[in-house]
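Before any comments, here is the structure.
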Amino acid sequence: MAEQNVITSMLDDLSQEQPIQTALCIGQNLAQYDNNQSIQWHYFNVTEFLNLPFTQRYDLGFVVMDAQELALLSDVQKSQLLVRLRDLMAKRIVVVSRLQDEKLLRALGFTQLIDKTRHDSDFALWQFNILTYKHVPDWFNSKFWANPENWNKFRW
């Protein structure tokens, strides 16, 4: 598992970008790494999480794929877990994984936070943030829709 100071500094950085009031973690309980105790943490194992009804959307989801329980899952089960977390349960997700999970995480739209070529360990850090997931193209605004030069000239 990643060092305590790495997790603590990452939580500080993430909360500076966007405030974090609620967070859920899967694989390891991370409440101990919150220095300010400002985040309300909820810990779930895989079975509890997959059976959890959708009652609220958390500000942060943190998944530790190195944990014993998650290391035994197949790629399909990992995908189900991450898709449910991404689509329903969390606005922003951070995943600590092994290098072998790179294809799966890229396919689900995650971006890599730590460059794997910079260290020798079998460890990578990924994130998914719906607010920065896709850049809005320039053409996607009302300026280029439906021949704006004809507005107020013809009745559609």
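Between 66, 59, 101, 34, which is at pLDDT 90 or above and of a type outside the set (Phe, Trp, Tyr)?
Numbers: 66 fails: at pLDDT 90 or above; 101 fails: at pLDDT 90 or above; 34 fails: at pLDDT 90 or above.
Within the list 66, 59, 101, 34, the selection yields 59.
Run down 59, 13 and say which single residue is under 15 Å from residue 127 (Cα atoms), in a helix (DSSP H, G or I) and under 16 Å from the mean Cα position of the chain (by Cα).
Values: 59 fails: in a helix (DSSP H, G or I).
Residue meeting the stated conditions: 13.
Within segment 24-39, can you find the residues that are surrounded by 14 or more Cβ atoms within 10 Å (Cβ to Cβ) and touching a helix residue (DSSP H, G or I) at 6+ places or on another chain (Cβ under 9 Å)?
24, 25, 26, 27, 30, 33, 34, 39
Restricting to segment 75-111, count the residues that are in a strand (DSSP E or B) and surrounded by fewer than 18 Cβ atoms within 10 Å (Cβ to Cβ).
Of all residues in segment 75-111, those in a strand (DSSP E or B) come to 90-97, 111.
Now narrow it down to the ones that are surrounded by fewer than 18 Cβ atoms within 10 Å (Cβ to Cβ): 91, 111.
The qualifying residues number 2.
Looking at segment 78-85, is at least one residue in contact with a helix residue (DSSP H, G or I) (Cβ under 8 Å, 6 or more places away or on another chain), farther than 24 Å from residue 135 by Cα and basic (Lys, Arg)?
The answer is yes, given that some residue of segment 78-85 is in contact with a helix residue (DSSP H, G or I) (Cβ under 8 Å, 6 or more places away or on another chain), farther than 24 Å from residue 135 by Cα and basic (Lys, Arg).
Check whether at least one residue in segment 77-93 is without any contact (Cβ under 8 Å) to a residue 24 or more places away in the chain, within 15 Å of residue 27 (Cβ to Cβ) and either in contact with a Gly (Cβ under 8 Å, 6 or more places away or on another chain) or hydrophobic (A, V, I, L, M, F, W, C) (or both), and report yes or no.
Going residue by residue through segment 77-93, those that are without any contact (Cβ under 8 Å) to a residue 24 or more places away in the chain are 87.
Right, trim to within 15 Å of residue 27 (Cβ to Cβ) and you get none.
No, segment 77-93 has no match at all.
Is there a residue being under 16 Å from the mean Cα position of the chain (by Cα), more than 16 Å from residue 130 (Cβ to Cβ) and in a loop (DSSP other than H, G, I, E, B) anywhere in segment 40-50?
no
Find all pairs meeting these conditions: Cβ atoms under 9 angstrom apart; at least six residues apart or on different chains; first residue within segment 31-60 and over 23 Å from residue 18 (Cα atoms) and in contact (Cβ under 8 Å) with a residue 12 or more places away in the chain; second residue surrounded by 14 or more Cβ atoms within 10 Å (Cβ to Cβ) and polar (S, T, N, Q).
Final answer for the pair search is 50/80.
The values are calculated or read from the model by the stated rules, or taken from the named source; none is laboratory data. Keep in mind that this is a model prediction, so the values were computed, not measured. Cβ sites come from the backbone with ideal geometry, for glycine too, and all protein chains shown count toward neighbours.
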